[in-house]
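Below is one structure, written out as structure tokens; the observations come after it.
What follows is calculated from the coordinates using simple rules that are stated; it is not laboratory data. Note that this is a predicted model, so its numbers are computed, not measured. With ideal geometry, Cβ positions are generated from the backbone for all residues, glycine too; neighbour counts draw on all protein chains shown.
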Amino acid sequence: MAQTPLLFYEVQGFRQWHVRTVLAIPPLAMILITCRQVIWHHPWGNPPSSNGGLIFLSVLLVLVYLRLITVRLVTILRPGMLRVGLRGLWRWKRIPLDSVRTAKMVQYDAIRDFGGYGIRSGERGDAYIARGAGGVELELQDGRKVLIGSQEPERLTNRILAGRMGAAW
């Protein structure tokens with residue numbers, strides 16, 4: 001089965017160092033607690049937790065941390081369909097291009113306009129934001145708005161408009 005050609009493909013990582021730092025606190029604290037009990041023989045808790053339980057929780061928190069810092073925002077545009085989502089965390093949002101009334105390049109402030117990064121909702125509608133301040137705002141036929149953050153907003157806008165008209169690239 002032949003796949004339809006890609007009109008646009010973008011993968012964006014989350015680069016906010018402060019988020020990575022905050023996310024690292026629980027696994028680091030658990031590793032220190034585990035070392036305190038297992039290596040330095042200073043029991044944790046009353047009654048003390050088991051060594052196996054502490055090691056298990058340490059490994060689990062490190063794995064969750066590694067998973068969270070490797071999440072990427074992926075945007076895929078094919079003729080007739082736009083897909084956007086956080087690879088590894090949520091299902092993909094599929095937007096048929098025939099349901100797009102308008103597409104325009106916009107500038108935004110992720111914190112002020114949407115309360116942060118990731119999949120967000122705000123006064124301006126739903127947003128998929130990884131980094132930067134540029135993106136494409138789609139107005140759908142039902143009046144809803146969807147913002148897709150992009151490092152190449154002009155190219156994405158042009159490709160969405162061309163894809164709506166059935167043009168091939």
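Give the residue that is nearest to Ile148 (Cα to Cα), with candidates limited to residues of region 68-117 that are over 15 Å from the mean Cα position of the chain (by Cα) and small (Gly, Ala, Ser). Of everything passing the filter in region 68-117, Ala103 is nearest to Ile148 (Cα to Cα). Before we move on, is Leu89 crowded, with 16+ Cβ neighbours inside 10 Å and at negative phi? No.
Suppose we filter Ile95, Ile69 for residues that are at negative phi, β-branched (Val, Ile, Thr) and surrounded by 16 or more Cβ atoms within 10 Å (Cβ to Cβ); which single one remains?
It is Ile95.
Please enumerate the residues belonging to region 1-38 that are closer than 20 Å to Gly88 by Cβ and among the small types (Gly, Ala, Ser). Scanning region 1-38 gives Gly13, Ala24.
Filtered by the rule that a residue be over 14 Å from Ile55 (Cβ atoms) and surrounded by 15 or more Cβ atoms within 10 Å (Cβ to Cβ), region 29-42 gives no residues.
Assess whether Tyr108 counts as being surrounded by 19 or more Cβ atoms within 10 Å (Cβ to Cβ) and within 15 Å of Phe14 (Cα to Cα).
Working: surrounded by 19 or more Cβ atoms within 10 Å (Cβ to Cβ): yes; within 15 Å of Phe14 (Cα to Cα): no.
Spelling it out, it is not the case that Tyr108 is surrounded by 19 or more Cβ atoms within 10 Å (Cβ to Cβ) and within 15 Å of Phe14 (Cα to Cα).
For region 1-21, which residues satisfy the criterion of being surrounded by 14 or more Cβ atoms within 10 Å (Cβ to Cβ) and part of a helix (DSSP H, G or I)? Scanning region 1-21 gives a single hit, Val19. If you go through region 134-143 and keep only what is exposed (fewer than 15 other Cβ atoms within 10 Å of the Cβ) and touching a helix residue (DSSP H, G or I) at 6+ places or on another chain (Cβ under 7 Å), you end up with just Gln141.
Any chance region 115-124 includes a residue that's surrounded by fewer than 17 Cβ atoms within 10 Å (Cβ to Cβ), at positive phi and either touching a Ser or Thr at 6+ places or on another chain (Cβ under 9 Å) or among the acidic types (Asp, Glu) (or both)? Yes.
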